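The values are calculated or read from the model by the stated rules, or taken from the named source; none is laboratory data. All values reported here derive from a predicted model rather than from experimental measurement. Counting neighbours? That spans all protein chains shown, and the Cβs are built from the backbone with ideal geometry, glycine included. These accessible areas exclude ligands, DNA and RNA; they are computed on the full protein's heavy atoms, side chains included. Shrake-Rupley method; radii C 1.70, N 1.55, O 1.52, S 1.80 Å.
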Amino acid sequence: MITIICSTNRPQSRSSIVAKRIQQILEEKNIKANYLDLKDFDSKLIHEDMFNSDQMHEDIKNIQDNIIIPSNKLIMVLPEYNGGIPGIFKLFIDALSIRKYKDNFQGKKSILVGVASGRSGNLRGLEYLTGCLNYLGMHVFPKKFCLSLINKHINENGDLDEEINSILTEIADASKIY
């Protein structure tokens, strides 16, 4: 099973447009994909007990048991935040690592997609995250998909242009063979 993660809790983010479009392309290719958006990650989940597996919020356990653990591939869409990744995403990974550590990450495959209004497409953040995911035992697809100058590729209706759609189709195709 594939899960696409929109790795920011910012409402109406460009990353969510990209992540949802990847899911749509996969479904057009008859590939089922879960969608997890961290904007739905309730702020009540963030508390000191999130790092205690016995006291962990049931919603985090449900995400683990029903989405993350059954997935063998994760497509992570990451906006650039200050030259890195969103803190909420790192916090999410840290919380997941407390309970069923190996089941969450070890041996799973991931594809990283950077989204940025600047020119680098969050390459620096993707490189940082690659190190973290390798440490967790994940296999990271070698090509980094960096979507640069994203504001120029989204129209007023929130539709992505042909150039970005072509890259997202490449991501969907990579998820089939990887």
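Being outside any strand (DSSP E or B) and of a type in the set (Phe, Trp, Tyr) is the filter; apply it to region 34-62 and report the residue that is farthest from Ile2 (Cα to Cα).
Ranking the candidates gives Phe51 first.
Which of the following residues is modelled with pLDDT of 90 or more, part of a loop (DSSP other than H, G, I, E, B) and open to solvent by 10 Å² or more (accessible area, probe 1.4 Å): Ile31, Ile67, Ile17?
Exactly one residue qualifies, and that residue is Ile31.
Looking only at region 97-107, count how many residues are open to solvent by less than 50 Å² (accessible area, probe 1.4 Å) and either closer than 19 Å to Ala19 by Cβ or in contact with a helix residue (DSSP H, G or I) (Cβ under 9 Å, 6 or more places away or on another chain) (or both).
Number of matching residues: 4.
Look through Arg10, Arg99 and report the one residue that is over 23 Å from Pro142 (Cα atoms), outside any helix (DSSP H, G or I), out of contact with any Lys or Arg (no Cβ under 6 Å at 6 or more places or on another chain) and at pLDDT 90 or above.
Among Arg10, Arg99, only Arg10 is over 23 Å from Pro142 (Cα atoms), outside any helix (DSSP H, G or I), out of contact with any Lys or Arg (no Cβ under 6 Å at 6 or more places or on another chain) and at pLDDT 90 or above.
Need pairs with beta-carbon distance below 7 Å; first residue in contact (Cβ under 8 Å) with a residue 12 or more places away in the chain and within region 49-76, second among the basic types (Lys, Arg) and open to solvent by 60 Å² or more (accessible area, probe 1.4 Å); sequence gap 6+ or separate chains.
If the second residue must be among the basic types (Lys, Arg) and open to solvent by 60 Å² or more (accessible area, probe 1.4 Å), the pairs left are Gln64/Lys100; Ile69/Lys100; Asn72/Lys109; Lys73/Lys109.
Among all residue pairs at least 6 apart or on different chains, which show Cβ distances below 6 Å where the first residue, located in region 1-24, is under 23 Å from Asn104 (Cα atoms) and the second is open to solvent by 10 Å² or more (accessible area, probe 1.4 Å) and β-branched (Val, Ile, Thr)?
From residues that are under 23 Å from Asn104 (Cα atoms), the pairs are Thr3/Ile67; Asn9/Ile88.
Sort through Ser148, Ser175, Ser110 and tell me the only one that's at pLDDT below 95 and either open to solvent by less than 20 Å² (accessible area, probe 1.4 Å) or among the small types (Gly, Ala, Ser) (or both).
Ser175
Considering each of Ile111, Ile167 in turn, give the residue that is farther than 24 Å from Met56 by Cα and outside any helix (DSSP H, G or I).
The unique qualifying residue is Ile111.
Looking at (1) outside any loop (DSSP other than H, G, I, E, B); (2) free of Cβ contacts under 8 Å to residues at least 60 places away in the same chain; (3) not charged (D, E, K, R), which is the one condition that is false for Gly121?
The failed condition is (1).
I want to confirm something. Restricting to region 129-145 and keeping residues that are assigned to a helix (DSSP H, G or I) and closer than 15 Å to Val77 by Cα, which single residue is most open to solvent (accessible area, probe 1.4 Å)?
In this case the residue turns out to be Thr130.
Out of the residues in region 110-128 meeting the condition of being among the polar types (S, T, N, Q) and under 10 Å from Pro79 (Cα atoms), tell me which one is farthest from the chain's Cα centre (by Cα).
Ser117
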